[in-house]
Amino acid sequence: GPPGVGKTSLGRSIARALNRKFIRLSLGGLHDEAEIRGHRRTYVGAMPGRIMQGIQQATTNNPLIMLDEIDKVGADFRGDPSSALLEVLDPEQNSTFRDNYLGVTFDLSNVMFMTTANVLDTIQPALRDRMEIIFLSGYTEEEKMEIARRHLIPKQVDENGLDKNDIKFDRAAIKQIIGQYTQEAGLRQLEREIGKICRKVARKKAELETDFEPIKIGAQNVKDYLRAPKIFPEEALKKDEIGTVTGLAWTAVGGDILFIEALKTKGKGKLLLTGQLGEVMQESAQAAFSYAKARAVELGIEEDAFEKYDIHIHLPEGAIPKDGPSAGITMATAMVSVLSQRAVRKDVAMTGEITLRGNVLPIGGVKEKVLAARRARVKTVILPAPNKRDLEDLPQEVLQDLTFIFVENVREVFREALREKKTATEKPKSGAAKAARLSN
């Protein structure tokens, strides 16, 4: 899971619940295989490996050993620690684990091993196969508020030498700190911002001494302690627009909404992509372009539009690299909107991969994307039909606030997201409109 969601804390809690000793070994930056298996005694300064040292410190043969940051293990000429861990983590082999320093086998089958990682990509496939993987996703705004109220605020009040009556945090203040001063899946930055307020109150208490009065932190005075907001949250579009679609993206710090803009200019049917897009995203745009080109008549696009116009697709915030297939239906909607001159509904956000046949394929990171849509006050979310099962992980209040539309083909997306094209007959003449107003 992402940083700060409590993976190491969870290991400690499991050890406490099982009444086992807890040992934490940090593997970040580890390069030498001897750190795991130990050095042979012929070397000067030889010592046992870190696994055996941990068991020696715990003075028991069944502790819980937490191998922290296993995704950041390196490899060089001294060996590959990941390969040495294969024996340690395999229950079929670790009953005869041999440490080079001890020179005898040791039974590790009673030890419970837990590992933590931020990403799975850098972990060796053979090592990953020996582990049961549990994903910890980021917290929702409501969960962060409760954790702050129950744990973070009392902890920071105590650490900064304040009494619990010296400072009170309003719910609106906590919500403002979460939304405008932090952008993360976990809680580390939130704890730092709460600590910053507590330190300033502690200084004020030390300066005023007996004249000090308890301080209430509300939405109106958060700025006095934390200065101007650091985060500018994206909000839904204010009106229906032609060629601008709200997409949903997954990031390392949770989800975010993403505006995709399309524009047609006089040209020869070229597709121009800007906004620092990765290869996969560019291929998604090409697939969407080919689909629109092949079904131009069916989609209400002029037959010669692809010969007369170039299409330019841009994703704002060009300094941020973007990649992945999940913006396929969003880019297709933006293209069809601008070519058929149909406005896109402002309250709809979408995510899904597109194929050349127009099928919508499932995507990942649904929870983070849906939470981002809710934060941006979007009313309707379009998702691929196979992702319906992912909604089971979402809190009930999120499901109540949003309307979900599940689609299998991109034509269903166009039907839900695009307004009907306005014709000249729909617009009343100025005289008729004036007469209607006078009659009212």
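The values are calculated or read from the model by the stated rules, or taken from the named source; none is laboratory data. What you are looking at is a predicted structure, and each value in this text was computed from that prediction instead of being measured. Here Cβ is always computed from backbone atoms with ideal geometry, including for glycine, and neighbour counts include all displayed protein chains.
Residue under question is GLN220, and the condition is that it be of a type outside the set (Asp, Glu) and either in the same structural domain as ARG199 (by TED's automatic domain parsing) or within 13 Å of HIS312 (Cα to Cα) (or both); does it hold?
On the way: of a type outside the set (Asp, Glu): yes; either in the same structural domain as ARG199 (by TED's automatic domain parsing) or within 13 Å of HIS312 (Cα to Cα) (or both): yes.
So GLN220 passes the test.
Tell me which residues, restricted to the range 268-294, are over 15 Å from LEU258 (Cβ atoms) and either part of a loop (DSSP other than H, G, I, E, B) or hydroxyl-bearing (Ser, Thr, Tyr) (or both).
Selection gives LYS268, GLY269, LYS270, SER290, TYR291.
Please work out which residue is modelled with the highest pLDDT, limiting yourself to the range 58-102 and to residues that are among the hydrophobic types (A, V, I, L, M, F, W, C) and over 24 Å from PHE22 (Cβ atoms).
Restricting attention to the range 58-102, the residues satisfying the condition of being among the hydrophobic types (A, V, I, L, M, F, W, C) are 58, 64-67, 70, 73, 75, 77, 84-86, 88-89, 97, 102.
Adding the requirement that they be over 24 Å from PHE22 (Cβ atoms) leaves 75, 77.
Details: ALA75: 74, PHE77: 67.
Filtering the range 58-102 for residues that are among the hydrophobic types (A, V, I, L, M, F, W, C) and over 24 Å from PHE22 (Cβ atoms), the one modelled with the highest pLDDT comes out as ALA75.
Which one of the conditions (1) touching a helix residue (DSSP H, G or I) at 6+ places or on another chain (Cβ under 7 Å); (2) assigned to a loop (DSSP other than H, G, I, E, B); (3) in the same structural domain as ALA34 (by TED's automatic domain parsing) does LEU86 fail to meet, given that it meets all the rest?
Every condition holds for LEU86 apart from (2).
When the residues of the range 362-414 are narrowed to those that are touching a Ser or Thr at 6+ places or on another chain (Cβ under 8 Å) and of a type in the set (Asp, Glu), which ends up nearest to PRO325 (Cα to Cα)?
Ranking the qualifying residues of the range 362-414, first place goes to GLU368.
I'd like the full set of residues that are of a type in the set (D, E, K, R) and within 24 Å of SER109 (Cβ to Cβ), limited to the range 65-89.
First, pick out the residues of the range 65-89 that are of a type in the set (D, E, K, R): 68-69, 71-72, 76, 78, 80, 87.
Correct list: ASP68, ASP80, GLU87.
I want to confirm something. Restricting to the range 345-386 and keeping residues that are at pLDDT 90 or above and of a type in the set (Asp, Glu), which single residue is surrounded by the most Cβ atoms within 10 Å (Cβ to Cβ)?
My answer is GLU353.
Counting just the residues of the range 240-263 that are surrounded by fewer than 18 Cβ atoms within 10 Å (Cβ to Cβ) and in contact with a strand residue (DSSP E or B) (Cβ under 9 Å, 6 or more places away or on another chain), which one comes out farthest from ALA287 (Cα to Cα)?
Selected residue: ASP240.
For the range 308-320, does any single residue satisfy the condition of being modelled with pLDDT under 90, buried (at least 18 other Cβ atoms within 10 Å of the Cβ) and more than 26 Å from the chain's Cα centre (by Cα)? Talk me through it step by step, then tell me what you get.
Start the filter on the range 308-320 by keeping residues that are modelled with pLDDT under 90, which leaves 308, 316-320.
Still in the running and buried (at least 18 other Cβ atoms within 10 Å of the Cβ): none.
No, there is no match, as no residue in the range 308-320 is modelled with pLDDT under 90, buried (at least 18 other Cβ atoms within 10 Å of the Cβ) and more than 26 Å from the chain's Cα centre (by Cα).
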